[in-house]
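Values in this text are rule-based calculations from the coordinates and carry no lab data. Please read these numbers as outputs of a predicted model, since none were measured by experiment. For neighbour counting, all protein chains shown are included, and Cβ atoms are generated from backbone atoms with ideal geometry for every residue, glycine included.
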Amino acid sequence: MKEELEKRVVKGPDGVEFEVDPLRDYYCQSAPTVMPPAYIKIVEELFNWARAESIWILGFGTGCGAIEMRPLMTPRFDAYRYGIQWRPTPRQANLFVISGYLSVKTLKRAIRSYEQMQNPKYVVGLGSCTINGGMYWDSYNTIKRLDDYLPVDLYITGCMPRPEALLAGFQELKRLIRAGQAEGANRYAEQFEWYKANQKRVIHDWDMPDYNW
Amino acid sequence: MHELHERLKAIFPLGELTVQRPDLAFITLGREHLRPLLLELRHRHGFTHLVLLTAVDWIEEGCFQLTYLLNDRAGARDLGLRVMLPREGASMESIHDLWPTAATYQRELREMFGIDFPASPGVDEPFILEGWRDIPPYRRDFDTLKFAEENFNQRPGRATLDPARHMRDRLHPEGE
Amino acid sequence: MAYQPDRSQYPQPRPDGSLDIDLRSGKYLKLWQGPQHPGITGNMSLELTVCGDEVVAGRTHVGYLHRGFEKLMERRTFIQCFPIVCRICVPEPDFNEYCYAAAVEELAGIEVPERAQWIRTLILEMGRVNSYLMYLGGQAGAFGQAVIGQWTTYARDLMLDRFEELTGARIYHMFILPGGVRDDLPEGFGRRMEQTLREIEEILEEVREVMFDNAVLKRRAIGLGHIDPALLDAYGVTGPTARAAGVAKDVRRDHPYLVYPRLAFEPVVAQASDVHARADVRRRDLLLSIDLIRQILAGMPGSGAVMTALPNVLHWKIPRGETYIRGECSRGEYGYYLVSDGSGYPRRVNVRGPSYTHAVALLERLIVNVNIADVAALMVSLHTYPPEIER
């Protein structure tokens, strides 16, 4: 374990000494919970409509697919006209686009970023390498099935997908959200133990809490 | 290149010279002569730029080949120095004091091949891999496909065909 | 806040020159920039130790994009390696294809038709235009000028249209393969390329006015990230970063390859060796690339073969040998070291990307005494692409 994660005694600016256990003190200890739909159907539909029209993407380019994000942000393809925009922090984002292969090292960061996002949240896997490993099917350092580690709502195929394919994928995601079928976050909460077991199977130096909230 | 080789040979016991192109040659030498030769090349012959430092695993012969590729920009020529190390407990003298950037290469070689460079800064810190438990992955005896199949869940339905066999079956379905 | 001349509040140097940083003293803060951070070039991270708003130590962490290409290529035949090499470096993939193809051709003793060489040069220059346009947007964005990124990304898209017309793909072209190139130029390509080049030139003129003549950018970029020309060789600095320090290092001129000996050009050089000079060198280099594309289209032989007949690639064995092929990509010297052991598979491939030396050893040195707000700009100015560091 890294030195900064170990339990230690810290002296505050007022001279009082206290104990810090980073893994317990800096994070919420409770596991994620399932978000039930609103009691009245029409209210839930209103919520889903609002969710579908404000897709905010987390600006984390995990792989090569990130290069096609830039054209989408600019006037040629202009994803902003669909209510899609990019945000720098997980707390403000509700869509995590896994843009391509995930090495084990990035998977760890991707899990942290995903868990820090607030509900409702969605995951889109971009490119063949998120689906079955793609070009890197025999690589020792990339995961082969993204949906074993994060709850994927939608895959966009291609190596790499064109911006038009991404736009079509986002439209499809909107349709899923409005139909109430983009339930990835709830699936993650329901099968939390299963996801964690899968994640820990590949991430060998697990030096973070089980739920990074 | 031959002229340079003759001049160097007068000072150092050098192995064979392989001229790949008029502007690129490789010389094999013993590990104890590497540092003086690097200094000689850098200060007397204009080879000031360390292009790369990498290793080749000759597992059949039980040795690693370290390649130090130097570039002489004014003379538009490159010289690769080959140093053979035994594979067991491979360790080599660090050259980070000659080229600070060599420390990065040495860190990578330490991690990917398991070749030690004592006293090179940060050489024991993980560089690219994280939480790696297996043998260093660039070694020839590390089987990446086997590792991937054992460690990662595969999505069913993916078929892998051997190109040569596949083409033969397509072109000569009845068999030869 | 700019660099403080009064150093009493900052870490003191030890006798050996390193800084005396005691993390428990409460004066310092460990700050991670990346991998999930908008101010980072791609998926990598910097571990910064800051004192006030000044960085006193930095450490580069890479490996987030490692796929093990060098290992994967060892278990693929020579022709099977061709489609995967371009994926080593996303923003400028063509250099991988060229270096790999040239290395295989040299070891196998294959001659490339002349027209294929012209087309290869054309593609490499087009890729350089793309890469520089992306850089200009990123560099301006790091200084808060978001609009430049909008313009240059649009300009890059125009060039991607030409790529699409020629190769059928926007990003991964898979066009330069051992033995030649996959196809000839389409009908009327030169005319449409000229139209594209003119539009890009217009955009660049506006970029020059808005970005380079901007007082804020000059105030922040001039003097930032100065590289002493004496350190270039020690840190393996190549490409525009070296040219901005007054050293005319350009592989196209120093070790001519393809048809560069037949093109008229002079390496672009600046003296100041700071972020502003590096950005300016790249802008002028971009104009040079546009000029080179025009020269290539004018000087190309009218017709001819673009591909040599290869032996049966399923059973293609290459004689034992080793070689190193280099080219000048938009970041510096890009090279492939290829070792063949006489079998049908490469024994070892080593990719020497310029970011490897720039983003680790050099950046860790430059980042000391830089304000946190300038870290992103400094990093972008070295024009690093993480995928080529860890491959």
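Of the cross-linked pairs C:Lys27/C:Lys218; A:Lys121/A:Lys196; A:Lys7/A:Lys121; A:Lys196/C:Lys30, those separated by over 23 Å at the C-alpha level are C:Lys27/C:Lys218; A:Lys7/A:Lys121; A:Lys196/C:Lys30.
In the stretch B:130-169, the alpha-carbon atoms span a convex hull of 110 Å³ per residue. Measuring r between the beta carbons of A:Leu5 and C:Ser8 and using R0 = 45 Å, the FRET efficiency lands at 0.85. Within 10 Å of each Cβ of B:95-105, how many other protein chain Cβ atoms are there on average? For peptide B:95-105, the averaged partner shielding equals 5. Between the helical axis of A:163-178 and the longest alpha-carbon principal axis of chain A there is an angle of about 80 degrees. For the peptide B:151-163, the mean number of other protein chain Cβ atoms found within 10 angstrom of a residue's Cβ is 5. I need the shape label for the protein assembly as shown. Rule: rounded when a/c is under 1.5, else prolate if a/b > b/c, else oblate, with a, b, c from the alpha carbon gyration tensor. Because its axes are fairly even, with a/c under 1.5, the protein assembly as shown counts as rounded.
Does the stretch C:205-245 come out rounded, prolate or oblate, given a ≥ b ≥ c as the square roots of the eigenvalues of its C-alpha gyration tensor, rounded meaning a/c under 1.5 and, failing that, prolate meaning a/b above b/c?
Values: a/c = 4.87, a/b = 2.10, b/c = 2.32.
Oblate, since a/c reaches 1.5 and b/c is not below a/b.
Ordered by the number of other Cβ atoms lying within 10 Å of each residue's own Cβ, fewest first, A:Val9, C:Val339 fall into the sequence A:Val9, C:Val339.
Cβ under 14 Å from B:Glu93's Cβ, B:Glu93 left aside: what net charge do those residues give with Lys, Arg +1 and Asp, Glu -1? Intermediate results must be reported in sequence, preceding the final value.
Details: positive: B:Arg31, B:Arg35, B:Arg110; negative: B:Glu32, B:Asp97, B:Asp116.
Taking every Cβ under 14 Å from that of B:Glu93, the sum is 0.
Taking each DSSP H run with n ≥ 4 as -39500 (n - 2.57) and averaging over every residue of chain B yields -7500 deg cm²/dmol at 222 nm. Based on alpha carbons, the Rg and Dmax found for the stretch C:305-391 are 18.7, 58 Å. The orientation-averaged projected area of the convex hull spanned by the Cα atoms of chain C comes to 20.0 nm².
Remark: spin-label model distance C:Tyr345-B:Arg158 equals 1.8 nm, labels positioned 7 Å along the Cα→Cβ axis. Full extension of the chain segment joining B:Arg165 with B:Asn151 gains 2.2 nm, where the gain is 0.36 nm per residue of separation less the Cα-Cα distance. Computed log10 I(q)/I(0) for the stretch A:58-114 at 0.16 Å⁻¹: -0.50, from the Debye equation with unit scatterers placed on every C-alpha and solvent omitted. Computed over chain C, relative contact order equals 26 percent, with contacts defined as Cα pairs under 8 Å that lie 6+ residues apart.
Who wins for biggest fluctuation among B:Gln65, B:Gln106, B:Gln20 in a Gaussian network model of chain B, springs between alpha carbons below 10 Å? Its mean-square fluctuation being the largest, the pick is B:Gln20. An ellipsoid equivalent to chain A, defined through the eigenvalues of its Cα gyration tensor, has semi-axes of 31, 22, 17 Å when rounded to whole angstrom and sorted largest first. Over all other residues within a Cβ to Cβ distance under 14 Å of C:Gly179, the charged ones net out to -3, with Lys and Arg as +1 and Asp and Glu as -1. Packing order of peptides B:113-123, B:151-161, B:36-46, highest average first: B:113-123, B:36-46, B:151-161 (average count of other Cβ atoms within 10 Å over each peptide's residues). Length available on full extension from A:Arg175 to A:Arg81: 0.36 nm per residue minus the Cα-Cα distance, which gives 32.2 nm. If a paramagnetic tag sat 7 Å from the Cα of A:Arg112 along the Cα-Cβ line, which residues of the stretch A:176-213 would have the backbone N under 16 Å from that point? Only A:200, A:203-213 pass the distance filter. Per-residue shielding of B:49-59, expressed as the average number of other chain Cβ atoms within 10 Å of the residue Cβ, stands at 6.
For chain B, the Cα gyration tensor yields ellipsoid semi-axes of 38, 24, 14 Å (square root of five times each eigenvalue, largest first, whole Å).
With contacts defined as alpha carbon pairs under 8 Å and 6 or more residues apart, what's the relative contact order of the stretch B:22-176 in percent?
Over the stretch B:22-176, the number comes to 17 percent.
Taking label positions 7 Å along the Cα-Cβ direction at both B:Ala119 and A:Thr157, the computed distance is 5.8 nm, reported to one decimal.
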